[in-house]
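For reference, the structure is listed below as structure tokens.
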Amino acid sequence: MAEYANIIVDIFNEKLDKTFQYRIPEAMKEKLKLGMQVLVPFGTRSIKGYVVELTDEPEFEVSKIKNITGIVTDSVPIESQLIALAGWMKKNYGATMNHALKTVIPIKKKSNAVEHKSVRLKLGNIEAKNQLAEFERKHQTARARLLEALIESPQMDQSIITQKLNVSGTVIRALETMGIVEIQSERSYRNPVSHLDSKGYHLTLNEEQQAVVDAVISNQKQGIQKTYLVKGVTGSGKTEVYMELIAHILEQGKQAIVLIPEIALTFQTVMRFYNRFGDRVSIMNSRLSAGERFDQFERAKNGDVDIMIGPRSALFTPFSKLGLIIIDEEHESSYKSETLPRYHARETAIERARMCGASVVLGSATPSVESYYKAKTGEYQLLELKHRVAEKPLPKVDVVDLREELKAGNRSILSVKLQELMEDRLKKGQQMMLFINRRGVAGFVSCRACGHVLKCPHCDVSLSQHVTRQHPEGKMVCHYCGYEEPMPKTCPSCGSKYISGFKAGTQKIEMIVKERFPKARVLRMDMDTTRNKEGHEQILSAFANQEADILIGTQMIVKGHDFPNVTLVGVLAADLSLYVSDYHAAERTFELLTQAAGRAGRGSEPGEVVIQTYQPDHYSVQTAKEQDYEAFYEQEMEYRSMLLYPPVWNMLVILCASKWEQTAYDSAALLVMEIDAWQEELKSAAETAGEDFKKKRVFVVGPADPAIAKVNDIYKKVIYIKTKDYQTLVEMKDRLEHYMRDNRAFKDTVVQFDFNPMSGF
């Protein structure tokens, strides 16, 4: 049992990295848990604090460490739960407690609090009229104007007084000093969905949807809390299922969190939820100001909202009566954090649900292989929606071999088939979407004479070509560190003039489409066109209102959107995600193709999809064409099992980063030696006890270079570790953290742990 506790005394006003250490009295050692609220001596007074870490290591002289005086038992505030969750994240993902705390409690200070001020008349009617006459006699016109208005209406908004009556704050304060008026102030919370209008809700669930709802509600009524995987084809009405489940949760006086993968999805998702639940809905995302985010946390704590919608960070909404967590498009890699702690929202949601007795619903047309594996093995309960709403057919899918297009003399990024279908849809007044998973003009720029590729001087990646108003000739941009340079006219290596971009991005596609279809109304949606706060909403609402014929975009356009007039979807280069250095490559390709195809034919007209590829026979392309998830899953699991990849095995990637390449390598080599030593200890202990060592055996690869070995002048080395048992990896992480803590060999190296990584490495 731990001897000491590190305590935060004021979560929202103190810096999160400021903790105070106290001794745990003997009588409390078995009772004290992470996240508990305690009483501690602080100066001359006793105050409340939260236990954020339990440890055996004193941070300063033992004799000066004071005792915890008591455990607060009369209430369990939401902060306690979130702190306990932070402790779980630190343990399971590898990071400091401070990193974890800053993740679960990101808003700790009031920021630009909005105050609603009103002015109230304190005088009686006769007294006020006498005072008015006095102001008029002295020609104090502003004072007279204000008092006259207050006699008519004894309480008015200060903003109306200053704007409509043209009375300054100085005049108001003068009347307050004279005892004539009273200024009343009340906190006003910003509401990011206040501009929306509810159109009402009129949909009825079909039998398949109702069966899914009944299964979840039936378990809840029996007090059974589970994790459910709702596997529903595109257009099967998963969102309606979510809303019906939430309606049941609200009836029980509980609250719900809905996670969505992209900010781009917020507009449509929020509109659908707002139409049904009105002001009980709010949103949380990175596009909100610090003040707006703080206000949403406060509204959630105060019980002013019951439903929070947003990406990964919305998971930490301080709901005290949480009953349901929904993760839509659960297969999305954006649910895995790329910063410390590298947590996965799915696993973290399940842990938070366990803490508060809530249920978790995962939804996707293309579930992650990991989730489907857990559903097949019984860890999750599988619920299926096999048909589109109103029995609408799935779209017809055509695969175009770009190699054959080239042989036929077509050098355009648009195949002949796709061009013909686009012409047809424009004549019929129908909409279409063109998807390519790359922004900019060119994926990379190379010399056709010598093969030289323009690379970033600070990162081990190629530069991408972008065209802007300021740079009509083009500029070279690094998508990792932001480095820019002008587009060269000749090759810097051999001087050849034959230097140009290879593979088109969204910007280039827009140029080609406008040239080929000059009368078409075209919108482009990518990171470059959605930089402003309302960028996503403006583009999506314009397309939804049929103000454009063609929407061109990256993956943000193919996820979860519902545009009834879209009858054609073109996937321009299915191969871009197929051969990246990531064991998820085939899965990502299948997901993107299936999701893209799912945007077509959701209205009254049937849909058609054209997938353009150089690898038409690849199993991810063929199974996506047939919309056959099970066939894809079976082939993918064969590959994962053979190469010992998740979900069959578990993987830990240890990243060592330093300004010096040799230092990064040496640090990684020391960690490998420590892993080997630990394995030998475990093997000896197992042999002595007569136990099987296989469960804790690990396979180590490295130190090695990652796919991108240098970013922003920082060198990286990685170690890959595979084992069946996840807890073995957690134990190894703990061992290595302890090994590095006082080892000066790591003073110039940053070490990070990534469990079951979701991105390229």
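What follows draws every value from the coordinates through simple rules; no lab data is involved. Keep in mind that this is a model prediction, so the values were computed, not measured. Note: ideal-geometry Cβ built from the backbone for every residue, glycine included; neighbour counts use all protein chains shown.
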**Study point:** Phe693 paired with Ser500, simple spin-label distance in nm, labels 7 Å along Cα-to-beta-carbon
**Key:** 6.1
Study note, to complete from the structure: Going fewest to most other Cβ atoms within 10 Å around each Cβ, Glu134, Glu473, Glu587, Glu674 line up as Glu473, Glu134, Glu674, Glu587
Check your understanding: Applying the Karplus parametrisation 6.51 cos²θ - 1.76 cosθ + 1.60 with θ = phi - 60° to the phi angles of segment 205-210, what ³J(HN,Hα) value in whole Hz is obtained for each residue in order, glycine and proline being reported as x?
Key -> 5, 7, 4, 5, 4, 5
Review point. So what is the orientation-averaged projected area of segment 114-188, using the convex hull of its C-alpha atoms, in nm²?
Key: 4.6
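Given the C-alpha atoms of segment 317-426, compute the convex hull and give its volume per residue in Å³. Walk me through the numbers on the way to the answer.
Details: hull volume 24.7 nm³, N = 110.
Spelled out: Cα convex hull of segment 317-426, divided by residues, is 225 Å³.
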Practice item. Enumerate the aspartates and glutamates that Lys733 could reach by cross-link, defined here as Cα to Cα under 17 Å, with residues fewer than 8 away along the same chain left out. Key: Glu674, Asp676, Glu680, Glu681, Asp725, Asp742, Asp754
Study note, to complete from the structure: Under the rule rounded for a/c under 1.5, else prolate if a/b exceeds b/c, else oblate, using alpha carbon gyration tensor axes a ≥ b ≥ c, segment 4-104 is classed as rounded
Point to revise | Ala631/Lys31 FRET efficiency (R0 51 Å; Cβ-Cβ; nearest 0.05) | key: 0.40
Review point. Cα centroids of segment 704-750 and segment 240-258: how far apart, whole angstrom?
Key: 42
Practice item. Determine which aspartates and glutamates satisfy two conditions relative to Lys455: a Cα distance under 20 Å, and not lying fewer than 8 residues away in the same chain. Key: Glu473, Glu484, Glu485, Glu661, Asp705, Asp713
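What ranking do Lys386, Lys722 get, fewest neighbouring Cβ atoms within 10 angstrom at the top?
Lys386, Lys722
Taking R0 as 22 Å, what FRET efficiency do you get between Ala247 and Thr339 from their Cβ-Cβ distance, rounded to the nearest 0.05?
Working: r = 35 Å, r/R0 = 1.61.
About 0.05, to the nearest 0.05.
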Point to revise | Two-site label geometry, Ser185 and Cys450: point separation in nm, points 7 Å out along Cα→Cβ | key: 6.8
Study note, to complete from the structure: In whole Hz, the Karplus estimates of ³J(HN,Hα) for segment 168-173 (6.51, -1.76, 1.60; θ = phi - 60°; x where Gly or Pro) are 6, x, 4, 5, 4, 5
Practice item. Determine the principal axes of the Cα atoms in segment 145-185, then give the extent along each, sorted from largest to smallest and rounded to whole angstroms. Key: 23, 20, 19
Review point. Cα gyration tensor of segment 491-620, axes a ≥ b ≥ c as square roots of the eigenvalues: rounded (a/c below 1.5), prolate (a/b > b/c) or oblate?
Key: oblate
Check your understanding: From the cross-link list Lys376/Lys724; Lys226/Lys696; Lys336/Lys659, which pairs have alpha carbons spaced over 20 Å apart?
Key -> Lys226/Lys696; Lys336/Lys659
Practice item. Express in nm, to one decimal, how much length is gained between Gln155 and Arg744 on full extension, taking 0.36 nm for each residue of separation and deducting their alpha carbon distance. Key: 205.3 nm
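If the limit is 23 Å between Cα atoms, which of Lys33/Lys221; Lys31/Lys90; Lys427/Lys514; Lys29/Lys301 go over it?
On the way: Lys33/Lys221 30 Å; Lys31/Lys90 21 Å; Lys427/Lys514 16 Å; Lys29/Lys301 31 Å.
Violating the 23 Å Cα-Cα cut-off are Lys33/Lys221; Lys29/Lys301.
Helix-only estimate, please: 222 nm mean residue ellipticity of the chain, summing -39500 (n - 2.57) across DSSP H runs of length 4 or more and dividing by its residues, to the nearest 500.
On the way: 21 runs with 257 residues, N = 761.
So the helix-based figure for the chain works out to -10500 deg cm²/dmol.
Note the full-extension length gain between Asp713 and Asp575 as 0.36 nm times their separation in residues minus their Cα-Cα distance, in nm to one decimal. Could the numbers behind the result be given before it?
Values: separation 138, 0.36 × 138 = 49.68 nm, distance 2.99 nm.
Here the segment from Asp713 to Asp575 would lengthen by 46.7 nm.
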Practice item. Enumerate the calculated ³J(HN,Hα) couplings along segment 94-105 in order (Karplus 6.51 cos²θ - 1.76 cosθ + 1.60, θ = phi - 60°), each rounded to whole Hz, writing x wherever the residue is Gly or Pro. Key: x, 5, 6, 5, 5, 4, 5, 5, 5, 7, 7, 10
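Using the 10 angstrom Cβ neighbour count as an exposure proxy, how do Cys447, Cys656 rank, fewest first? If you can, show how the numbers build up before the last one.
On the way: Cys447 21, Cys656 25.
In increasing order of surrounding Cβ atoms, one gets Cys447, Cys656.
For segment 510-572, what does the alpha-carbon gyration tensor say about shape, rounded, prolate or oblate, given a ≥ b ≥ c as the root eigenvalues, a/c under 1.5 as rounded, and a/b over b/c as prolate? Let's see the in-between values first.
Details: a/c = 1.44, a/b = 1.22, b/c = 1.18.
Rounded, since a/c falls under 1.5.
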**Study point:** 19 Å Cα-Cα reach of Lys66 towards aspartates and glutamates, excluding residues that sit fewer than 8 places from it in its own chain
**Key:** Glu3, Asp10, Glu26, Glu30, Glu53, Asp56, Glu57
**Study point:** Normalised per residue, the volume of the convex hull around the Cα set of the chain (Å³)
**Key:** 237
Practice item. Could you work out, for segment 207-391, what percent of all Cα-Cα pairs fall into each 5 Å distance bin, beginning at 0 Å and stopping at the bin that holds the largest distance? Key: 1, 8, 17, 22, 23, 16, 8, 3, 1, 0
Practice item. Within segment 15-47, find all residues whose amide N lies under 18 Å from a label point positioned 7 Å from the Cα of Asn67 along Cα-to-beta-carbon. Key: 21-33, 38-47
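Quick check: convex hull of the Cα atoms in segment 275-381, volume per residue, rounded to a whole Å³?
Values: hull volume 13.7 nm³, N = 107.
Per-residue hull volume (Cα only) is 128 Å³.
What FRET efficiency comes out for Glu207 versus Glu638 if R0 is 41 angstrom and r is the Cβ-Cβ distance? Round to the nearest 0.05.
Values: r = 35 Å, r/R0 = 0.86.
Once rounded, the FRET efficiency stands at 0.70.
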Exercise for review: Figure the gain on full extension for Glu136 and Thr96 (residue separation times 0.36 nm, minus the Cα-Cα span) and round it to one decimal in nm.
Suggested key: 7.6 nm
Practice item. Give me the Debye-computed log₁₀ of I(q)/I(0) at q = 0.16, 0.19, 0.24 Å⁻¹ for segment 208-266, equal point scatterers on Cα only, no solvent, two decimals. Key: -0.57, -0.79, -1.17
Check your understanding: Taking a temperature of 20 °C and a viscosity of 1.002 mPa s, what whole-number D in µm²/s does Stokes-Einstein yield for segment 650-755 with Rh from Kirkwood over alpha carbon pairs?
Key -> 150
Practice item. Would you calculate the separation in nanometres between label points at Glu473 and Thr55, each defined as 7 Å from the Cα along the Cα-to-beta-carbon direction? Key: 5.7
